[in-house]
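First up is the structure itself, then whatever we jot down about it.
The values are calculated or read from the model by the stated rules, or taken from the named source; none is laboratory data. Fair warning: this is a prediction, and the values are worked out from it, not measured in the lab. Virtual Cβ from ideal backbone geometry, glycine too; neighbours counted across all protein chains shown.
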Amino acid sequence: MTVTRFAPSPTGYLHVGNLRTALFNYLIARKAGGQFILRLDDTDPERSKPEFADGIRQDLEWLGLTWDREEKQSARLDRYADAADKLRAAGRFYEAWETPAELDLKRKKQLNMGHPPVYDRAALALSDAQKEALRAERGAGVWRFKLDQERIEWEDGILGPISIDAASVSDPVLIRTDGQVLYTLASVVDDTDMGITHVVRGSDHVTNTATQIQIMAALGFAPPSFAHHSLLTGPQGEGLSKRLGSLALRDLRAAGVEPMALLSHMARIGSSQPVEIVGSLDELADGFDLSQFGSAPTKYDVDDLKPLTARYLHGLPVEAVADDLAAAGVPAEKASDFWRVARENIETRADIAGWWTLFSQGAEPLVDPENRDFVAEAFALLPEPPYGPETWGEWTAAVKEATGRKGKDLFMPLRHAVTGRRRGPEMADVMPLLQTKPKL
Ligand code: GLU
């Protein structure tokens, strides 16, 4: 069975970059009829916060990305300790005492001499007596995984064949001096224990994957399939990291972005398939194909979501907005007519209320000074509601007769005066929805 997971750290709110990872893993699981797990990577007790975990769940729920099971790393520390013992027993784990400043100095020296800044494994050469002395002087060290210095290879679901020389990678620290197990090890144990078959994550994790493949092998685990999607950039190719704060999913929600517009966009950008607005996650899953994605950074423009949201809303049947119409005060018997007339003019659901206010209470008329007398004369020729589909034609014919105006000079000032807006639906459709006679 296909099992995937989305593994955010609850140290902040989700943003569009996280969403790409969540969505891909979700779609792979759903398309295969498998399972999708939400895993909270909360091994850092200082930075992990319950409110962020709640925020992550709310954002996923808003998008309809339902998970079959939730796991959290902080509840699995025993499993990681067991794995660490196994690595020690296998001779693949060693303690090291360099301080961050010492490591920094080593890196600088290596770079100066034109060497890659890879950890020099000085700790491996320590005698037992030297280790004892360091432990007495500095306390517990970090624990590093001893990489086998060979090429690490895998067939990446997006990047294709990958081959990384382990000698170009520092032996990863898996346990900090304070005993905290780091993600690199925890994730390996989780992915294996939870039967994860496919891991999709950002291409910033490629080196992690290389080391994790070796850690898995050292623990006797079989690796899942890996795929690394490209990272998002801004519209000009600029890094998104600085703007991610403004790309939080909760802010997009507050701005009225529709989940299906966002999801349809995210499931396609960076792939060779065009963006199409679809109506459901099932439809997205059916058409999802990881092999269509490229390795080049993917341009992402938050402004694209506005027209996509509008397009999505324009295509919705009235039943899909029944709650929004009711909340805006649209009577049930007027809902169909209202939605037919108003929907093309709506950019977000929040606009619904404004159109209903206009129809039910009348607009603040928009009248250029030179048209004041004309509009006053025209309004005098308009009877009280109710109006029908013929009202606009009859009224404008009478106004034309009385004033001699025609064409744009006749229609535009009346549209502006009745609706208070420069643009909008066909006036013949607007009139029957008006509940009060327009006033100047
Ligand atoms: N917590 C990790 C992250 O957010 C998970 C990476 C992974 O999917 O393995 O980067």
*Look through segment 151-184, keep the residues that are of a type in the set (Asp, Glu) and under 19 Å from Gly202 (Cβ atoms), and return whichever of them is surrounded by the most Cβ atoms within 10 Å (Cβ to Cβ).*
Asp156
*Check whether at least one residue in segment 88-108 is without any contact (Cβ under 8 Å) to a residue 24 or more places away in the chain, in contact with a helix residue (DSSP H, G or I) (Cβ under 6 Å, 6 or more places away or on another chain) and either more than 23 Å from Val189 (Cβ to Cβ) or surrounded by 15 or more Cβ atoms within 10 Å (Cβ to Cβ) (or both), and report yes or no.*
no
*From (1) part of a loop (DSSP other than H, G, I, E, B); (2) touching a residue at least 24 places away in the same chain (Cβ under 8 Å); (3) not aromatic (Phe, Trp, Tyr), pick out the condition that doesn't hold for Ile152.*
(1)
*Name the pairs: first residue in segment 199-218 and farther than 21 Å from Leu240 by Cα, second residue more than 8 Å from the ligand (Cβ to nearest atom) and of a type in the set (Lys, Arg), Cβ to Cβ under 7 Å, at least 6 apart or on different chains?*
Ala218/Arg92
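Please work out if Ala417 is out of contact with any Asp or Glu (no Cβ under 6 Å at 6 or more places or on another chain) and either surrounded by fewer than 18 Cβ atoms within 10 Å (Cβ to Cβ) or within 24 Å of Pro317 (Cβ to Cβ) (or both). Let's see the steps before the verdict.
On the way: out of contact with any Asp or Glu (no Cβ under 6 Å at 6 or more places or on another chain): yes; either surrounded by fewer than 18 Cβ atoms within 10 Å (Cβ to Cβ) or within 24 Å of Pro317 (Cβ to Cβ) (or both): no.
It is false that Ala417 is out of contact with any Asp or Glu (no Cβ under 6 Å at 6 or more places or on another chain) and either surrounded by fewer than 18 Cβ atoms within 10 Å (Cβ to Cβ) or within 24 Å of Pro317 (Cβ to Cβ) (or both).
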_Scope segment 33-53; condition under 15 Å from Ala75 (Cβ atoms), within 13 Å of the ligand (Cβ to nearest atom) and in a helix (DSSP H, G or I); matching residues_ = Ala53
_On the basis of being more than 10 Å from the ligand (Cβ to nearest atom), modelled with pLDDT of 95 or more, at negative phi and outside any helix (DSSP H, G or I), does Ile56 make the cut?_
no
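Could you list, in sequence order, all residues of segment 232-242 that are among the hydroxyl-bearing types (Ser, Thr, Tyr) and either part of a loop (DSSP other than H, G, I, E, B) or within 14 Å of the ligand (Cβ to nearest atom) (or both)?
In the first step, residues of segment 232-242 are kept if they are among the hydroxyl-bearing types (Ser, Thr, Tyr); the result is 233, 241.
Ser241, the sole residue that qualifies.
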*What is the one condition in (1) assigned to a helix (DSSP H, G or I); (2) more than 16 Å from the chain's Cα centre (by Cα); (3) surrounded by 22 or more Cβ atoms within 10 Å (Cβ to Cβ); (4) not hydroxyl-bearing (Ser, Thr, Tyr) that Arg30 does not satisfy?*
(3)
*Within segment 280-302, track down each residue that is in contact (Cβ under 8 Å) with a residue 12 or more places away in the chain and either hydrophobic (A, V, I, L, M, F, W, C) or in a helix (DSSP H, G or I) (or both).*
Leu281, Asp282, Leu284, Ala285, Asp286, Phe288, Leu290, Ser291, Gln292, Phe293, Ala296, Val302
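Matching residues to (1) surrounded by 18 or more Cβ atoms within 10 Å (Cβ to Cβ); (2) basic (Lys, Arg):
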residue: Trp339; (1), (2): yes, no
residue: Arg349; (1), (2): yes, yes
residue: Trp392; (1), (2): yes, no
residue: Ala397; (1), (2): no, no
*Is it the case that some residue within segment 188-211 is under 21 Å from Asp120 (Cβ atoms), crowded, with 22+ Cβ neighbours inside 10 Å, more than 15 Å from the ligand (Cβ to nearest atom) and at pLDDT 95 or above?*
no
*Restricted to segment 5-27, and to residues that are near the ligand (Cβ under 10 Å from one of its atoms) and part of a strand (DSSP E or B), which residue is surrounded by the fewest Cβ atoms within 10 Å (Cβ to Cβ)?*
Phe6
_helices (runs of 4 or more DSSP H) within segment 374-440 that include 1 or more residues at pLDDT 95 or above and of a type in the set (Ser, Thr, Tyr)_ = 391-403, 407-419
*Counting just the residues of segment 212-231 that are within 14 Å of the ligand (Cβ to nearest atom) and not in a helix (DSSP H, G or I), which one comes out surrounded by the most Cβ atoms within 10 Å (Cβ to Cβ)?*
His229
*Only one of (1) part of a helix (DSSP H, G or I); (2) away from the ligand (no atom under 16 Å from the Cβ); (3) at pLDDT 95 or above is not met by Asp251, so which one is it?*
(3)
_Can you tell me which of (1) touching a Gly at 6+ places or on another chain (Cβ under 6 Å); (2) closer than 17 Å to Val173 by Cα is the one Tyr13 doesn't meet?_
(2)
*Search segment 155-187 for residues being of a type in the set (A, V, I, L, M), under 23 Å from Asp78 (Cα atoms) and in a helix (DSSP H, G or I), and hand back the single one that is nearest to the ligand (Cβ to nearest atom).*
Ala186
*asked:* Of the conditions (1) outside any helix (DSSP H, G or I); (2) farther than 15 Å from Ala96 by Cβ, Arg144 satisfies every one except a single condition; which number is it?
replied: (2)
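From Leu65, Leu40, which residue is aliphatic (A, V, I, L, M), more than 27 Å from Ser291 (Cα to Cα), surrounded by 15 or more Cβ atoms within 10 Å (Cβ to Cβ) and modelled with pLDDT of 95 or more? Outline the logic, then answer.
Numbers: Leu65 fails: more than 27 Å from Ser291 (Cα to Cα).
Of Leu65, Leu40, the one residue that is aliphatic (A, V, I, L, M), more than 27 Å from Ser291 (Cα to Cα), surrounded by 15 or more Cβ atoms within 10 Å (Cβ to Cβ) and modelled with pLDDT of 95 or more is Leu40.
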